[in-house]
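Trainee: Would you mind keeping the following structure in view while I ask a few things?
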Amino acid sequence: MLNGLYVMDLARFPDVYGDEERAALEKLVTITAPPLTPADLTPSLLADVDVLVTSWGGPQLTAELLAAAPRLKLVLYGAGSVRSIVTPGSWARGIRVTTANEVIAASVAEFTLAQVLYALKHGWRYVLGSRALGESLPRATNEPGANGSIVGLMSFGATGRATARLLSRHELVLQTYDPYVDPAVATSLGVRQVSLEELFATSDVVSLHAPVLAATRKVVGAELLRSMKPDATLINTARGALIDEDALTAVLRERTDLFAVLDVTDPEPPLPGSPLFTLPNVVVTPHLAGTLNTERRRHGRLMAEELARYVAGEALQHEVFEAGQARSA
């Protein structure tokens with residue numbers, strides 16, 4: 001029987017690892033202490049640990065932790081990006097890490113689907129316009145609707161692919177910009193590949209799903225925004241830093257036909273008094289797209305499933321590898 005510890009932000013522990021999720025895990029691993037924060041870890045607690053069960057607020061796999069945990073083989077990270085926990089030393093030691101990123105991607109895709117379809121009906125525009133006037137707005141005649149409209153996905157990683165799968169059911173034309181995507185993957189999902197410039201210039205809705213890297217920070221600037229089609233919508237559920245928000249504010253003032261749905265901003269939340277709260281063609285939501293509250297039990301269930309595969313000697317379905325980290329969020 002493997003030995004393990006729960007180590008993470010304890011405020012989020014019951015959301016991720018509820019009774020059923022813990023029961024499934026604890027059939028396969030003996031938990032040797034109550035749930036802990038990284039600050040609670042000591043060499044004696046780590047000495048016999050084979051598995052760390054963690055999530056947001058999990059411990060970084062520093063040289064000191066690795067030295068104190070000679071038996072550690074597996075980290076079950078019930079959250080998304082593992083950048084905050086992995087280190088060169090953990091990769092060198094061969095510590096295996098699996099993540100719930102695919103679960104989060106599915107949740108973000110659901111939120112994006114809702115926003116895309118609503119945007120193609122110009123839903124938010126009617127809501128905000130009616131509220132500003134204090135009366136119902138008459139129907140316009142330029143709502144594109146879903147049939148045949150073009151949706152552009154910036155990045156085709158886990159979230160972009162999950163979003164494409166949901167959107168593919170709605171008779172839309174799907175396109176993506178991602179310089180790293182395997183063309184066969186895009187083709188298999190019925191998504192055409194285009195340049196970033198074409199993505200913005202030809203899409204009725206542009207949805208951002210890229211990680212923030214040196215090459216992508218503020219990549220969405222004035223030139224791309226001004227190139228957008230009349231009445232187009234920009235949706236960001238990825239990272240606020242992908243957008244030059246000063247440029248976005250300026251272009252939204254110039255191009256009142258454009259609309260932005262921002263679930264993430266930079267900074268997050270926007271500073272009090274930000275024009276993002278008052279411009280008539282933007283709506284800000286408080287980072288709702290990912291899993292919330294007990295939706296996070298899906299993370300715990302996935303970690304239990306991965307542990308079962310590990311114990312059975314099967315391939316982990318959600319393992320992350322060092323080679324892929326340079327382009328991950």
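Trainee: Need the full-extension length gain, Ala63 to Ser188, defined as separation in residues times 0.36 nm minus the C-alpha distance. One decimal, nm.
Mentor: Separation in residues times 0.36 nm, less the Cα-Cα distance, equals 40.8 nm.
Trainee: Per residue, how many Å² of accessible area does the chain show with a 1.4 Å probe?
Mentor: Working: 14960 Å² over 329 residues.
Ligands and nucleic acids excluded, the result is 45 Å² per residue.
Trainee: Which peptide among 255-266, 222-233 comes first, and what is the full order, when sorted by highest mean count of other Cβ atoms within 10 Å?
Mentor: For the peptides 255-266, 222-233, the packing ranking is 255-266, 222-233.
Trainee: On the protein heavy atoms, probe 1.4 angstrom, tell me the percent of accessible surface of the stretch 87-183 carried by carbon and sulfur.
Mentor: The computed percentage sits at 54.
Trainee: Based solely on its DSSP helices, what 222 nm [θ] is calculated for the chain when runs of n ≥ 4 H residues each add -39,500 (n - 2.57) and the sum is averaged over all residues, nearest 500 deg cm²/dmol?
Mentor: The helix contribution divided over the chain gives -9500 deg cm²/dmol.
Trainee: What list of ³J(HN,Hα) values in whole Hz, one per residue of the stretch 129-141 in order, does the Karplus curve 6.51 cos²θ - 1.76 cosθ + 1.60 (θ = phi - 60°) give from phi, with Gly and Pro shown as x?
Mentor: Karplus-based 3J(HN,Hα) across the stretch 129-141 equals x, 5, 5, 5, 8, x, 7, 5, 7, x, 4, 7, 10 Hz.
Trainee: If you take every DSSP beta bridge fully contained in the chain, what fraction is antiparallel? Give it as a percent rounded to 5.
Mentor: Beta bridges within the chain, antiparallel portion: roughly 5 percent.
Trainee: Considering only protein heavy atoms, with the full assembly of protein chains and a 1.4 angstrom probe, order Ser81, Ser44, Ser155 by accessible area, largest first.
Mentor: Most to least solvent-accessible, the answer reads Ser44, Ser81, Ser155.
Trainee: Another question about this same structure. Among Ile243, Val206, His287, which residue has its Cα furthest toward the positive end of the charge dipole of the stretch 198-313, with +1 on Lys/Arg Cβ and -1 on Asp/Glu Cβ?
Mentor: Final value for the positive-end residue is His287.
Trainee: A further question follows. Remind me, relative contact order of the stretch 259-313 in percent, using alpha carbon pairs under 8 angstrom and six or more residues apart?
Mentor: Details: 30 pairs, mean separation 19.0, N = 55.
The normalised contact order for the stretch 259-313 reaches 35 percent.
Trainee: In the stretch 223-262, what percent of the accessible surface is made up of carbon and sulfur (1.4 Å probe, ligands and nucleic acids excluded)?
Mentor: Answer for the stretch 223-262 is 45 percent, counting heavy atoms of protein chains only.
Trainee: Quick one: check the C-alpha center-to-center distance for the stretch 280-329 versus the stretch 63-100, whole angstrom.
Mentor: What the calculation gives is 16 Å, centre to centre.
Trainee: With N set to the number of residues, divide the alpha-carbon radius of gyration of the stretch 1-149 by 2.2 N^0.38 Å and report two decimals.
Mentor: 1.56
Trainee: Let me know the charge dipole size of the chain about its Cα centre in debye, to the nearest 20, where only the beta-carbon of Lys, Arg (+1) and Asp, Glu (-1) is charged.
Mentor: The dipole magnitude comes to about 220 debye.
Trainee: Treating the beta-carbon of each Lys and Arg as +1 and of each Asp and Glu as -1, no other charges, what is the dipole magnitude of the stretch 239-280 about its Cα centre, to the nearest 20 debye?
Mentor: 100 debye
The values are calculated or read from the model by the stated rules, or taken from the named source; none is laboratory data. Because the structure is a prediction, the values reported are computed rather than measured. Don't worry about glycine lacking a Cβ; one is built from the backbone with ideal geometry, like all the others, and counts go over all protein chains shown. Heads up: the accessible areas ignore ligands, DNA and RNA and are worked out on the full protein's heavy atoms, side chains in. Shrake-Rupley method; radii C 1.70, N 1.55, O 1.52, S 1.80 Å.
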